[in-house]
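Please read the structure below before turning to the comments.
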Amino acid sequence: MARLIVRAATVPDLLRDAAREAPAAEAFRYRDERLTYADWDTIADRVAAGLAVRGVGRGDVVALLLPSTPFYLVAYLGAARLGAITTGINVRYRRSEIGHILRRSGARCLIAVEEWHEADFRSTVEGLRAELPGLAEVVWLSADRLRVGTANTVADLAGGARPTSAVPPAPDDPVAIVFTSGTTGIPKGAWYNHRNLLALAEIDGRRHAGGAPSSPKHLAAGLSFAHIGTMARIAIQIAHRGTSIVHDAFDPAAVLEVIERERLEDLGGIPTQVIMLLDHPDRARRDLSSLRSVLVGGAPAAPALIRRVQETLHVTVSVRYSSTEVGIATASLLDDPPELLATTVGKATPGVELRVVDEANRPLPPDTPGEVVVRSPATMRGYWQDPDATAATIDADGWVHTGDVGVLD
């Protein structure tokens, strides 16, 4: 099996390489907009210039309270060009979560949509400003401008700012802070450096014959780009010169239409989304024969659902395991039966070490429940500005203690 080898030292370097080597390759499709890798590279530079004139520099945190549109990823790479660190805030969050992330991250600059799906973020943030003395700049964007096009939004942010001559980031510089969901406690910010994200792309390549996915097109439908699946995995798309077809909300009818029109081969979704697609009245009349695989993640899937997907869509179903702190860990095998897919999460991907340990951190034998620990070059470096939580989660040998209970068979 061929292996993906990433030669770039940082994520911005990886984008620059893609723009040079495949300038006309499509990076994003969103509504009526098409952006190539050359476009992405150019307007990321404009975002960097717009942030630099607002005082953002190396080591500063830029928070993105934005819906999932291409502008989010352009802003992410623009901030990275300055050596700044990006953290995302899910637009489903409200005052308490927004305030916590802005405080914990120490964000110097916030780029935010004024309103989204009836949520008034301007009022929310303005009500928090007194609690955020470190938040020096807030850039407000209109939802309508975001929907119309990325280039116009970039022009609004950058204005007449001249290209910056900032010192480029180093491989070990922080680039992303991804906050946990907070379902088991106060959200913590897992931070990653450039080296982590490039290693994650290389490890992911080992899951594919030839080192790359069979199709360069990927549908991102209603998924928050603030999630680990985008923030830590952005280098995968760039390394493969892939195309993200972006929907800013999950609409099953629209998803079925785009599968047929684009002849998509791979699809991912949480179980509820997969059920919505299978149950939708348009499903029977759409030609979905291009599909080869469906990744079901985010929550356990019952054997009956897995069988239904296999029998209805005639695809291979896969499951995976990772977390905000781990980034990439396991994947199922092509010939795993439904019962196995419903009760296991596959094998550790080459490049990832995985153990199940007892309370004394000693490896346990097969069929013995214990804590899942993971070690790889792609795991988080720690929790942002939280050395105690970091020390409690990453041991002296570099194993990340997930807190999840698992069994090796």
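Only the coordinates and a few stated rules stand behind these numbers; no lab work does. From a predicted model like this one, the values you see are computed outputs, not experimental measurements. Neighbour counts are summed over all protein chains in view; Cβ atoms, including those assigned to glycine, are modelled from backbone coordinates with ideal geometry.
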Radius of gyration and maximum dimension Dmax of the chain, Cα, Å
20.9, 63
Please state the relative contact order of region 161-259 as a whole percent: Cα pairs under 8 Å, 6+ residues apart?
25 percent
Ranked output for segments 333-344, 252-263, 357-368 by mean other Cβ atoms within 10 Å, highest leading, reads 252-263, 333-344, 357-368
Mind ordering 52-58, 221-227, 108-114 by average Cβ neighbours within 10 Å, highest first?
108-114, 221-227, 52-58
Size of electric dipole in the chain: Cβ of Lys, Arg +1 and of Asp, Glu -1, about Cα centre, debye, nearest 20
760 debye
So for the chain, averaging the separation of alpha carbon pairs under 8 Å that are six or more residues apart and normalising by length, what relative contact order in percent results?
15 percent
Can you tell me the length gained on complete extension of the stretch Asp409 to Asp287, counting 0.36 nm per residue apart and subtracting the Cα distance?
40.0 nm
Of all DSSP beta bridges in region 33-192, antiparallel share, percent nearest 5:
30 percent
Which of the listed residues, Pro70, Asn90, His100, is farthest toward the dipole's positive end in region 66-139, when Lys, Arg count +1 and Asp, Glu count -1 at the beta-carbon?
His100
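Around Val56, under 12 Å between beta carbons, what's the net of Lys plus Arg minus Asp minus Glu among the other residues?
After counting each charged neighbour, the total is +2.
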Debye calc, one equal point scatterer per Cα of region 33-192, no solvent, log10 I(q)/I(0) at q = 0.09, 0.14, 0.20 1/Å comes to -0.27, -0.66, -1.36
Order the peptides 239-249, 162-172 from the highest to the lowest mean number of other Cβ atoms within 10 Å of their residues.
239-249, 162-172
